[in-house]
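This report refers to the structure that appears directly beneath it.
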Amino acid sequence: MGRLAMKKWILTGLLMAAGAVMASARQRVNPDENTLWIEDGAGVDLSGGLVSGRWLYRPGDKKSLELRPKSEGGFSLFAPDGNGRSTVTRVKVTPDYPFLVFHITGFEALNGYRNWTVGTEIGSMTTCQVNSPQKGYYVYDLLRNLPEKEAARTSAWLRLWLYNLRMDLEYIKLVKQPDYAVRAECADPVIRPGSNVKFVAELKEEAEDVSIRLMTDGQVMPIRVNGEMKIQLKPVDETCKVWTAELIVKTLDLPKPRSRHKTLMKMDVLGGELEEPVWVGLPYRLEP
């Protein structure tokens, strides 16, 4: 899609008691020390046109995504058909705040092909789920394994697409450090048989058990590593807030290579307050 067309994509129809009005939602910048910006449905503003830091609305576009703030906080994105409704906003980026985080709290799946996709210009990253979308916390390190010039950018486009879905979110934000994440460490930007990979999970409270599974985005399917479906992590000390596992990859159950962030590390945590899985984009290419 060309730059001009991309600028015209938009968010929203805000449903209010007085009737449906069209709106754009403004991000809040630096609400706390850990957050560069956040969109949580609280800053809905009756404006149109191209404004930095807002999801965009263009009247008369039949493919417009709808934004519906939720009374309990957060917001819903709604695409009532299979047209591939989309929106775009300009966001700040900086190496000090590398993590894109969003919390999906629920879905309404309509008939037909269903898809949600999030993409950024940074590293040409896109991630999606098809037909069986999953709730949980999603975490992406946008800058890992990028050239220094690309990582030094100060702004970028952030885009969302939906097909036949209502998707409920608590927030979308860019942060220094997420509350929950698992980090993969490998000497090369490609993980393949022979690679030594260390996984480190960092939690804000102690846990009883932590494990991860490598999953494909798109059609969500497990990827066996060394013939195993699950990678078990172990605590590094008695606080049980940092868990690790290290392995040498012998086999990857993949039919073909997968690009950076097209594999997700699904982290399941037992004990503590976390009740949903954490899905972390793997910022490495995978090759079988």
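The values are calculated or read from the model by the stated rules, or taken from the named source; none is laboratory data. Please read these numbers as outputs of a predicted model, since none were measured by experiment. We place every Cβ from the backbone using ideal geometry, glycine too, and count neighbours over all the protein chains shown.
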Working only within the range 191-241, note down all residues that are in contact with an Asp or Glu (Cβ under 6 Å, 6 or more places away or on another chain) and of a type in the set (A, V, I, L, M, F, W, C).
Ile223, Cys240
Quick one: Asn83 ticks every box in (1) at pLDDT below 90; (2) out of contact with any helix residue (DSSP H, G or I) (no Cβ under 8 Å at 6 or more places or on another chain); (3) farther than 27 Å from Glu273 by Cα; (4) in a strand (DSSP E or B) except a single one, so which number is it?
(4)
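Among the candidates Gly13, Gly74, Gly43, which residue alone is closer than 27 Å to Gln134 by Cα, outside the structural domain of Trp279 (by TED's automatic domain parsing), touching a Ser or Thr at 6+ places or on another chain (Cβ under 8 Å) and modelled with pLDDT under 75? Write out each step before concluding.
Values: Gly74 fails: modelled with pLDDT under 75; Gly43 fails: touching a Ser or Thr at 6+ places or on another chain (Cβ under 8 Å).
Gly13 is the lone residue from the list that is closer than 27 Å to Gln134 by Cα, outside the structural domain of Trp279 (by TED's automatic domain parsing), touching a Ser or Thr at 6+ places or on another chain (Cβ under 8 Å) and modelled with pLDDT under 75.
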Among the residues of the range 243-268, which ones are hydrophobic (A, V, I, L, M, F, W, C) and either on the phi > 0 side of the Ramachandran plot or at pLDDT 95 or above (or both)?
Trp243, Ala245, Leu247, Ile248, Val249, Leu252, Leu264, Met265, Met267
Positions within the range 113-155 being part of a strand (DSSP E or B) and farther than 16 Å from Pro283 by Cβ, in sequence order:
Asn115, Trp116, Thr117, Cys128, Gln129, Val130, Gly136, Tyr137, Ser155
Is one or more of the residues making up the range 266-274 part of a loop (DSSP other than H, G, I, E, B), under 30 Å from Arg114 (Cβ atoms), touching a Pro at 6+ places or on another chain (Cβ under 9 Å) and not assigned by TED's automatic domain parsing to the domain that holds Tyr138?
no
Residue pairs qualifying under the 7 Å Cβ cut-off, at least six apart or on distinct chains, with the first in the range 207-232 being in a strand (DSSP E or B) and small (Gly, Ala, Ser) and the second being exposed (fewer than 13 other Cβ atoms within 10 Å of the Cβ) and at pLDDT 95 or above, are Ser211/Gln232
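So that you can scan it fast, the table gives a plain yes or no per residue for (1) touching a Phe, Trp or Tyr at 6+ places or on another chain (Cβ under 7 Å); (2) farther than 16 Å from Lys92 by Cβ; (3) free of Cβ contacts under 8 Å to residues at least 24 places away in the same chain; (4) not assigned by TED's automatic domain parsing to the domain that holds Phe107:
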position	(1), (2), (3), (4)
Leu143	no, no, no, no
Pro147	no, yes, yes, no
Ala151	no, no, no, no
Thr154	no, no, no, no
Leu160	no, yes, no, no
Leu169	yes, yes, no, no
Cys186	yes, yes, no, yes
